[in-house]
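Here is the structure we will look at.
Where a number appears in this text, it was derived from the coordinates with a stated rule and is not lab data. All of these numbers come straight from a predicted model, not from anything done at the bench.
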Amino acid sequence: PVEQRDESPEQTPPAPLPKGMVIGPDGKPCRSCSSGAAFKSWSATMKGSPVPPKSQATLVPASDCPPDVEELGRSSWTLLHSITATYPVQPTPQLQNETKSFISIFAKLYPCWHCASDFQAWMKEDGNAPRVSNRDEFGRWMCEAHNAVNVKLGKKEFDCGKWEERWRTGWKD
Ligand code: FAD
C-alpha cells in the first residue's frame with residue numbers, strides 16, 4: 001500500500017510584530033499607522049538583515065520615503081492648526097458648515113486607520129463636536145483634539161491658551 005503523507009510544507013509561525021507596528025485593514029503592514037522605528041525594524045527582519053545597532057542606525061528618516069505615523073501626524077497637525085490660524089474671526093454660516101464637513105471628511109480619510117477611527121469616536125463624545133463659530137473657538141477646539149491624542153500617546157498636554165502664539169502670531173518674548 002502507498003503510504004499517505006502530508007506533503008504540505010511545514011508552517012513557520014510568523015515573526016512577532018515589533019511594538020508600534022500596525023497591520024492595516026487589508027492585512028498588510030500599514031506604514032502610515034506604524035511608528036517609523038517599528039516599521040524599519042520589521043522591514044529589516046523581513047529582509048533577513050540584522051537590525052542595525054542604535055548608534056549606527058540612521059536616526060533621521062529619508063525625506064523621500066512614504067510617511068510613518070509620526071511624520072504624517074506632524075504634517076497633518078501643521079495643516080490643521082494653520083487652517084484654524086487663518087480662519088475668519090467672523091465666518092459666514094456657509095463657511096462654518098463647510099468647515100464641519102471638512103473635519104468630518106478629513107477624519108474619514110485620514111490615512112492611519114486606527115488614528116482616524118479614534119478621532120471620529122472622540123468627536124462623538126459629549127462636548128467634542130467641532131466648534132467653528134469663530135477663529136478662537138476653532139483654534140481651541142483643534143488644540144483640544146490634538147491634546148486628546150497627546151494624552152492617548154502619554155505626551156504632555158499643550159496649554160490651549162497659547163494655541164494662537166504657537167500657530168498664528170509667534171511667541172511673545
Ligand atoms: P505633534 O503631536 O505632531 O505636534 C506637533 C507640534 O504641535 C508640537 O511640536 C507642538 O509645538 C504643537 N502641539 C502639540 N500639541 C498641541 C496642541 N494640543 N495644540 C496645539 N499645538 C500643539 N499617532 C499615533 O501614534 N496614534 C494615534 O492614534 C494618532 N492619532 C492621530 C490623529 C490625528 C487626527 C492626527 C492628525 C495625528 C495622530 N497621530 C497619532 C500622530 C500624533 O498626534 C503625532 O503627530 C505624532 O506622534 C508626532 O508627534 P510629535 O511629538 O512630533 O508632535
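Quick look at the values:
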| quantity | calculated |
| --- | --- |
| Cα-based convex hull, segment 80-141, per residue volume (Å³, whole number) | 76 |
| Fully extended contour minus Cα-Cα distance, from Lys156 to Leu17, at 0.36 nm per residue | 47.3 nm |
| Other-chain or far-sequence residues with amide H under 5 Å of Ile23's (modelled H) | Cys30 |
| Note, ³J(HN,Hα) from phi for segment 150-157, Karplus 6.51, -1.76, 1.60, rounded to Hz, x at Gly and Pro | 4, 5, 4, 8, x, 9, 5, 6 |
